[in-house]
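Q: Encoded as structure tokens, here's the structure I'll be asking about.
The values are calculated or read from the model by the stated rules, or taken from the named source; none is laboratory data. For clarity, every value in this text was computed on a predicted model and none was experimentally measured. Positions of Cβ are backbone-derived with ideal geometry, glycine not excepted, and every protein chain shown enters the neighbour counts.
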Amino acid sequence: MFEILVVIIFIFVAYKIYVSLYFKSEKFHAIKNSIKQYTKNCNDLNDHIENLKSSYSDIRSFDYGESHLHDTSHYNMKRREWKKEARNNRTHNCSSTVCKNASNQPFKYLCKYFDIKTNEETLSTFEEVLNNFAAAEQGKILLRNERDAIVSNKQLYPSNNTAH
């Protein structure tokens, strides 16, 4: 019985020493720093995306007032689709004819219903917004690759840089 107790204590002490050495190792600090840098990059990208949301300040939809749907069905119909209706200033509710025409000529109807002037200044503004969104998408891809490298433990360590 005493031998089993000694083995258990030895295993416990060896485990504690291993844990202590691991958390003081260069490899652990490299992982910790890469996670810290990854978190900072994610927060920077989130801030950039939040700033992009204000890029649409020059685009507006006409306000024709408010309307509300009331279900007065005599047959107790369940109109679940009504709950999915989006109500915000970036959604323009229209007829199916307008929707079909807009799918055939999207630029024309986008300019018409969101009061966008078709001139060089507006074009350059939209080009800048498009480039910003493309950069955000590229940033998401780069961050996903960085996360995958961290998770798969393939970070670039100073001592292992040539081994990969």
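Q: Identify, by number, the condition in (1) in contact with a helix residue (DSSP H, G or I) (Cβ under 7 Å, 6 or more places away or on another chain); (2) loosely packed, with under 10 Cβ neighbours inside 10 Å; (3) of a type outside the set (D, E, K, R) that M1 doesn't meet.
A: So the condition that M1 fails would be (1).
Q: Then there's this: Name the residues in segment 108-150 that are closer than 23 Å to D47 by Cβ and β-branched (V, I, T), would you?
A: Scanning segment 108-150 gives T125, V129, I141, I150.
Q: Kindly provide the set of residues from segment 1-41 that are within 21 Å of S152 (Cβ to Cβ) and either in contact (Cβ under 8 Å) with a residue 12 or more places away in the chain or not in a helix (DSSP H, G or I) (or both), ordered by number.
A: S25, E26, K27, A30, I31, S34, I35, Y38, N41
Q: Here's a follow-up. Suppose we keep only residues that are over 22 Å from A134 (Cβ atoms) and more than 18 Å from the chain's Cα centre (by Cα) within segment 36-65. Which one would you say is modelled with the lowest pLDDT?
A: The qualifying residue modelled with the lowest pLDDT is S61.
Q: Under 30 Å from K36 (Cβ atoms), modelled with pLDDT under 80 and surrounded by 10 or more Cβ atoms within 10 Å (Cβ to Cβ): is that true of Q155 in this structure? Write out each step before concluding.
A: On the way: under 30 Å from K36 (Cβ atoms): yes; modelled with pLDDT under 80: yes; surrounded by 10 or more Cβ atoms within 10 Å (Cβ to Cβ): yes.
Yes, satisfied.
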